[in-house]
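*Asks:* Can you keep this structure in mind? I'll have questions shortly.
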Amino acid sequence: MEEDAAKYDSYNRATSPKIFVGEWAAREGAPTTNLNATLGDAAWMTGMKRNSDLVERSCYAPLFVNVN
């Protein structure tokens, strides 16, 4: 996730469609993720925020994770 944080930086603003990033999350550690995955998610989120003119919606996948 951290390495891919600049994914949308090179998209053409004039011709690219608007983007919905569905169910994204780093998955490292069990049953919940560890600090490395959290930092990767944070980097990915800043990339989406930086390109908010293209990335209009996103859905964080582990929002409803059951840790029991």
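*Asks:* Output the residue which, of all residues in segment 19-33 that are more than 18 Å from Asp4 (Cα to Cα) and surrounded by 12 or more Cβ atoms within 10 Å (Cβ to Cβ), is farthest from the chain's Cα centre (by Cα). Give the steps one after another, and end with the answer.
*Replies:* To start, the set of residues in segment 19-33 that are more than 18 Å from Asp4 (Cα to Cα) comprises 29-33.
Of the ones still in play, those that are also surrounded by 12 or more Cβ atoms within 10 Å (Cβ to Cβ) are 29, 33.
Details: Gly29: 18, Thr33: 15 Å.
Ranking the qualifying residues of segment 19-33, first place goes to Gly29.
*Asks:* I would also like to ask the following. Where the second residue is hydroxyl-bearing (Ser, Thr, Tyr) and the first is part of a loop (DSSP other than H, G, I, E, B) and lies in segment 10-30, which pairs have Cβ atoms under 8 Å and are six or more apart or on separate chains?
*Replies:* Short answer, once both residue conditions are applied: Ala25/Thr33; Ala25/Tyr60; Ala26/Thr33; Ala26/Thr38; Arg27/Thr33.
We did not get these values from a lab; they are worked out from the coordinates using the rules stated. Predicted, not measured: the structure shown is a model, and the values here were computed from it. Cβ coordinates were reconstructed from backbone atoms using ideal geometry, including for glycine residues, and neighbour counts include every protein chain displayed.
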